[in-house]
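A.B. asks: Just dropping this structure here.
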Amino acid sequence: MIRAAILMAVMMTTPTVAAAQVGCLPPEEPYAPPEDDPELRALIGEQYQDYIDGTEDYLNCLNDEAMRARTEFQTVFNRYVEYFSDGSGVAFEAID
């Protein structure tokens, strides 16, 4: 009973980062430009520039997300070792 109350309290006070995240979305790949339409070719050239700029933002987003995930993992792993270590640095399984 006490265990359930503590778990509920922790869950209510822990921020939910995942719910607020949109994620990293790759840019839309541009079309191949036609040879015989210079106006359309110029428009598609702008789409290529947008793609290049968008790819840079996308890769930066992926790098930021990877860093966040590594940091979160290290925090949770350190907590795991702290809570479930037998003193020798070796973690053990909790017995209910």
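A.B. asks: Report, to two decimal places, the Cα Rg of the stretch 23-96 normalised by 2.2 N^0.38 Å (N = number of residues).
C.D. replies: 2.13
A.B. asks: Could I ask something else about it? For A69 and A42, compute 0.36 nm times the residue count separating them, minus their Cα-Cα distance, and round to one decimal in nm.
C.D. replies: Between A69 and A42, full extension yields an extra 5.7 nm.
A.B. asks: While we're here: Tabulate in residue order the Karplus-calculated ³J(HN,Hα) for the stretch 53-61, using 6.51 cos²θ - 1.76 cosθ + 1.60 with θ = phi - 60°, rounded to whole Hz; enter x for Gly and Pro.
C.D. replies: Along the stretch 53-61, the couplings run 5, x, 5, 4, 4, 4, 5, 4, 4 Hz.
Each reported figure results from applying straightforward, stated rules to the coordinates on display, with no laboratory input. All figures in this text were calculated on a predicted structure; none of them were measured in a lab.
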